[in-house]
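Notes follow once the structure below has been shown.
The values are calculated or read from the model by the stated rules, or taken from the named source; none is laboratory data. Just so it is clear, the structure is predicted and the values come from calculations on it, not from any experiment. All Cβ positions, glycine included, derive from the backbone under ideal geometry; neighbour counts span all protein chains shown.
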């Protein structure tokens, strides 16, 4: 595992892992301390220099109110078929940036907000990435099973089971 400040290459790797995983599970804290998760569609076409992820949510939702009280969130992405997993910790805020909202709008968003980009219930949720961690296994399932079987026989921990990186975003 590598602990480091994010580089542009790390940024690219992070984006390449999540760009095709359309849904992230955003977890936030309730006032009583319990955690709750919501599947949300990532609206980004890329991660910008500001390390922001965007989602559309309802302004009237309980989640919108809670995020205004405590914006500490985690967004988890998983693609078990590709053995790729990403965990992002960040700070969530509701944004009034009309230009960003229009730039990110898609016909799919209209399914949730029939009034379109001007629907008064649309809120743009921006998550500023503070910390990201990813696991990306590139070996085939057969190779992975072989490495695990070898480890079980030898009593050694499996080696080289893929890329794992932890990144602090600046």
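Quick one: in the range 71-91, of everything that is in contact with a strand residue (DSSP E or B) (Cβ under 9 Å, 6 or more places away or on another chain) and not in a strand (DSSP E or B), which residue is nearest to residue 40 (Cα to Cα)? So, considering only residues that are in contact with a strand residue (DSSP E or B) (Cβ under 9 Å, 6 or more places away or on another chain) and not in a strand (DSSP E or B), the one nearest to residue 40 (Cα to Cα) is 71. The set of residues in the range 20-43 that are at pLDDT below 90 and closer than 23 Å to residue 82 by Cα comprises 20, 21, 22.
Residue 119 satisfies every condition listed in (1) at pLDDT below 95; (2) surrounded by 13 or more Cβ atoms within 10 Å (Cβ to Cβ); (3) within 21 Å of the chain's Cα centre (by Cα) except (3).
Just one residue in the set 83, 48 is on the phi > 0 side of the Ramachandran plot, over 12 Å from the mean Cα position of the chain (by Cα) and either modelled with pLDDT under 90 or surrounded by 17 or more Cβ atoms within 10 Å (Cβ to Cβ) (or both); that residue is 83.
Among the residues of the range 28-49, those that are assigned to a loop (DSSP other than H, G, I, E, B) and within 26 Å of residue 107 (Cβ to Cβ) comprise 42, 43, 44, 45, 46, 47, 48. Considering the conditions (1) in contact with a strand residue (DSSP E or B) (Cβ under 6 Å, 6 or more places away or on another chain); (2) surrounded by fewer than 16 Cβ atoms within 10 Å (Cβ to Cβ); (3) closer than 22 Å to residue 97 by Cα, residue 68 is excluded by exactly one of them, (1). Out of 25, 21, 63, one residue alone is assigned to a loop (DSSP other than H, G, I, E, B), more than 20 Å from residue 168 (Cβ to Cβ) and in contact with a strand residue (DSSP E or B) (Cβ under 7 Å, 6 or more places away or on another chain). It is 21.
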